[in-house]
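The values are calculated or read from the model by the stated rules, or taken from the named source; none is laboratory data. Fair warning: this is a prediction, and the values are worked out from it, not measured in the lab. So basically every Cβ, Gly included, is an ideal-geometry build from the backbone, and we count neighbours across all protein chains shown. Side chains included, ligands, DNA and RNA excluded: accessible areas come from the protein's heavy atoms. Shrake-Rupley method; radii C 1.70, N 1.55, O 1.52, S 1.80 Å.
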Amino acid sequence: MDIEKLLNVFIDEAIERIAEIEDGLLEIEKSPQDRELINAIFRAAHTIKGSSGTFGLTDISRFTHCMEEILDLMRHDKLAPEKEIINALLESTDILKEMIEALASGKSFDFSRCEDLINTMENLKSRRELKQFKIIFIPSPDLFKRGIEPAIIIEDLKNVGEIVDIQAYSDEVPTLSEFNPEELYLRWDILLKTDRDEADIKEVFEFVEEGSKIKIFPVSDAEKDVPFLGQMLIKEGVVDPEDVDAALKTQKRLGEILVEEGKVTSEDIERVIAKQRNKKMESFKKSISSTIRVDLKKLDHLINIVGEMVIIHSMFQQTIHNNGNGMSERLDVIFNQLQRIGKDIQESVMSLRMLPVGEVFHRFTRLVRELSETRNKSIELIITGEETELDKGVLEKITDPLVHLIRNAIDHGIEPPEERVSKGKPAKGRIHLSAFQLGDSVYIEVEDDGRGLDKERILKKALSAGLINSAAGLTDEQIFNLIFQPGFSTAEKVTDISGRGVGMDVVKKNIESLNGKVFIRTKPDAGTTISIKLPLTLAIIDGLTVSIGDEVFVIPISSVIESLRPDRSNVKTLNEKGEVINVRDEYIPLLRLHEILDIPAQKMEPWEAIVVVTSYEGKKYCLLVDDLIGQQQIVIKNLGNAMPKVRDIAGGTILGDGKVALVLDVPGIVEMATKAMMN
Amino acid sequence: MAKTVLIVDDSTSMRQLVSFTLKDAGYEIVEAVNGRDALNKLNGKKIEMVITDLNMPEMDGIELIRQLRNNSGFRFTPIVMLTTESQESKKQEGKRAGASGWIVKPFTPEQLIAVVKKFVR
């Protein structure tokens, strides 16, 4: 295996680990006590440090070492996960990302950029918490007989921390007549201030622990200067140490006390404890993930082969169909089985490309956190449906649009806290990012509880920007859809994140390029929901095959409503709209595909041919074709770079009879046709 | 007067390293190649500290510690064993036999001197 390949594995792994660190850091803010979580973050940083060191990437290794040190202090409770520390670590993950990206693209990374952050981290490190431990040391009486002097232990303790207080007790020393000079009668109470933990202190006592009694326990801040009540009582001779010990043992756990006070039932406690245990289990399971890394190229190759198989199936079917008479019924049965298995294989192969959306969704936690901070808005991001799966390609292309939508929600949707309160809403805004599957589609929704879209403002803006000539006749939906027009922006203030009038149109284009659709639902002062509908997968779609002249085209079923042969009396020409067809009293514009595609057709009149009713942006359009051929699953192939990019063709496919057919892009066709009509 | 340290190890190089380092620091050194050799070399000498390896032929370090602790002259003498990190069970055994502490191999001369200074005052 050459080093290049290994390096790629490292890069892949590092990217995953960095995401883990980032997610973990954001999570730790919410649950700073989650030990398993902080351990997971530490392990991720540790892995990057280790493997970068192995590859001789000293910069990355040195940098992650700094992060690791802070995380190590955190996981040993020596450093609290304060905001400043989390921020420094998040910044570090950003730099780390850049370093990895630079490595992946073969560029060099200027390490001096890290210096500031390294210094910051060094400073933060010194903030480690000094803790006080109380040590009760009752040595074994025969300590001398092992060649150990207690003074050695006390000396060693000084290496661990500062001895704040030490008290020797000589109350066990017998009278002279009973005194055995070979035995040790003294015991000590020691108060130690240190940044190390209990285990480090324990180590000092490792060689004397046999036969000795050693108790080490942390002293909390409040108790640091105030001796224990028990201690004071003992000191003043009111009670015996044994009595205090016995009394302390009768202390109850929190749960027991709450039950006794009737605040909760023991079932409640048990239920919550079980939940706590489950949580621990889950976080443990998370750390043992059952995945295997596969080169995307290999996967795509497999998918291509499966695609070919689907085509062969169609050919087979057609051959049987054409020569069917002589063939045995048995062949038909076998073929059906083959087809079923083929479909199973196809589905499971396609599922290999599927990834849960959670990975992408969780990146937004950080975005929302940072943006709401800079905008002085308090916003909570709620994520649901993170286990919903999407094609890797779709997932990658959906990320940027989602960033835009979330930024918009933060910037334009959610009101400032004062405004929210005056409207009687909670000061804290809410963005709900959700994903769910419905039929063959996956929906991703960004829902905010902000001010909603302002119809009047959109209209005003669209008129002044020349996007529309008049507001007359526009439905609410059409008005709201204006925000997707290029050059549209209603924000009064242009901020650094949104309001530059790029964004929503790009969002829409990106989603349509994925064969998806965008919907808006909005209500004044209740909020806005942008709903994105995406096909489950990109490569294989259900298509309607139609013929125009000598050519065969495929229209994606997802955009087809119905197909019909209109009555001659229902085809009319209106002044404003051109040719329309009356479909059950609805006048739908007629688009002659052969004209748009500039190819000869066999049938020129709609009442002789077929119209396919499609919908785009809530409007219907009739596409004129010669004839319907059928409906089948098709594998969309990229046309490649040889073809210039055309808006009306989404790709090509091979049909069952081996012929090549082009797949029509309905939004592209509609746009071309409307443009042609305007001219 | 210089304090005497007994070093017991079957490895010549280890013995030499320890005695060279400690002589340099002003200690008298008695060398022995195993437990039996060490017991033979005591003959009434005043030994302030014993440093012993654990795995040695004829008599190992554990047995040496046991015998020394039964010798009234060595009941309170610091005995430090040389161990490797992996010898956890040996460590426990040594502890039970009456060892005062251990030095983990490999160690630097500075570490060795620090340990000796701790036990010999």
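Kindly list the residues of the range B:9-27 that lie in the label zone of residue B:71, defined by a backbone N under 15 Å from the point 7 Å along the Cα-to-C-beta vector.
Output list for this probe position: B:9.
How big is the A-B contact in terms of buried accessible area, both chains counted, 1.4 Å probe, rounded to the nearest 100 Å²?
Buried surface at the A/B interface: approximately 1500 Å².
Enumerate the aspartates and glutamates that residue A:455 could reach by cross-link, defined here as Cα to Cα under 14 Å, with residues fewer than 8 away along the same chain left out.
The qualifying aspartates and glutamates are A:476, A:477, A:525.
Go through the range A:552-566 residue by residue and turn each phi into a ³J(HN,Hα) via Karplus (6.51, -1.76, 1.60, θ = phi - 60°); whole Hz please, and just put x for glycine and proline.
Result, ordered by residue: 10, 10, 10, 10, x, 4, 4, 9, 9, 9, 7, 9, 7, 10, x Hz.
In the range B:68-121, which GluC sites (Glu not before Pro) fall in coil by DSSP and have 10 or fewer other Cβ atoms within 10 Å? All intermediate terms of the calculation are to be shown ahead of the outcome.
Working: sites: B:85, B:88, B:93, B:110; in loops: B:85.
Hits after loop and neighbour filter: B:85.
I'd like the distance separating the alpha-carbon centroids of the range A:24-82 and the range A:400-440, in whole Å.
Using only Cα atoms, the two centres lie 32 Å from each other.
Given a 1.4 Å probe, how much area per residue of the protein assembly as shown is accessible, in Å²?
Numbers: 43840 Å² over 800 residues.
I get 55 Å² per residue for this part.
Tally Lys/Arg at +1 and Asp/Glu at -1 over every other residue whose Cβ is under 12 Å from the Cβ of residue A:102; what's the total?
Overall, the nearby charge balance is -1.
What nm value, rounded to one decimal, do you get for the distance between residue A:469 and residue A:343 when each label is placed 7 Å out toward the C-beta?
According to this spin-label approximation, the distance is 5.1 nm.
What's the local net charge at residue A:546, with K and R +1, D and E -1, over the other residues with C-beta under 11 Å away?
-3
Amide H of residue A:219: which non-local residues (sequence gap of 5 or more, or other chain) have their own amide H closer than 5 Å, using H built in the peptide plane?
Amide H neighbours of residue A:219, under 5 Å, 5+ apart: A:132, A:133, A:134.
Can you list the residues, at least 5 places off or on another chain, whose amide H is less than 5 Å from the amide H of residue A:629, using H built in the peptide plane?
HN-HN under 5 Å from residue A:629: A:545, A:546, A:547.
Net charge near residue A:476, counting Lys/Arg +1 and Asp/Glu -1 over other residues with Cβ under 15 Å of its Cβ?
+1
Starting from one equal scatterer on each C-alpha and no solvent at all, send me the Debye-based log10 I(q)/I(0) for the range A:318-427 at q = 0.11, 0.19, 0.23 Å⁻¹, two decimals.
-0.58, -0.99, -1.19
Could you sort the peptides A:343-349, A:13-19, A:306-312, A:179-185 by per-residue average Cβ neighbour count (10 Å cutoff), highest mean leading? Before the final figure, lay out the partial values.
Numbers: A:343-349: 13.9, A:13-19: 19.1, A:306-312: 17.3, A:179-185: 12.3.
Sorting A:343-349, A:13-19, A:306-312, A:179-185 by mean packing, highest first, produces A:13-19, A:306-312, A:343-349, A:179-185.
Anything losing 10 Å² or more of accessible area from the isolated chain to the full protein assembly: pick those residues out of the range A:201-215, probe 1.4 Å, ligands and DNA/RNA ignored.
A:206, A:207, A:209, A:210
Within a 10 angstrom radius of each residue's Cβ in A:147-156, how many Cβ atoms of other chains show up on average? Whole number is fine. Please report the intermediate quantities before stating the final value.
Values: counts 17, 9, 6, 0, 2, 6, 0, 0, 1, 2.
Per residue, the average neighbour count from other chains is 4.
So which of A:523/A:675; B:46/B:95; A:343/A:620 end up more than 27 Å apart by C-alpha?
The pairs that break the limit, which is 27 Å between Cα atoms, are A:523/A:675; A:343/A:620.
Starting at the first residue of the range A:307-312, write each ³J(HN,Hα) from the Karplus equation 6.51 cos²θ - 1.76 cosθ + 1.60 with θ = phi - 60°, in whole Hz, x for Gly and Pro.
Working through the residues one at a time gives x, 4, 4, 4, 5, 4 Hz.
Got a sec to turn the phi values of the range A:99-106 into Karplus ³J(HN,Hα) couplings, 6.51 cos²θ - 1.76 cosθ + 1.60 with θ = phi - 60°, whole Hz, x for Gly and Pro?
Once rounded to whole Hz, the list reads 4, 5, 4, 4, 4, 5, 9, x.
Could you list which residues have their amide H under 5 Å from that of residue A:563, counting only those 5 or more apart in sequence or on another chain, with H placed in the peptide plane?
The answer is A:613.
Go ahead and estimate [θ] at 222 nm for the protein assembly as shown from helices alone: -39,500 (n - 2.57) per DSSP H run with n ≥ 4, summed, over the residue count, rounded to 500.
The helix-only estimate for the protein assembly as shown comes to -14000 deg cm²/dmol at 222 nm.
For the range A:1-109, which whole-number percentage of the solvent-accessible area (1.4 Å probe, protein heavy atoms only) is attributable to carbon and sulfur atoms?
51
By how many nm would the segment from residue A:637 to residue A:572 lengthen if fully extended, with 0.36 nm per residue of separation less the alpha-carbon distance?
Working: separation 65, 0.36 × 65 = 23.40 nm, distance 3.81 nm.
Between residue A:637 and residue A:572, full extension yields an extra 19.6 nm.
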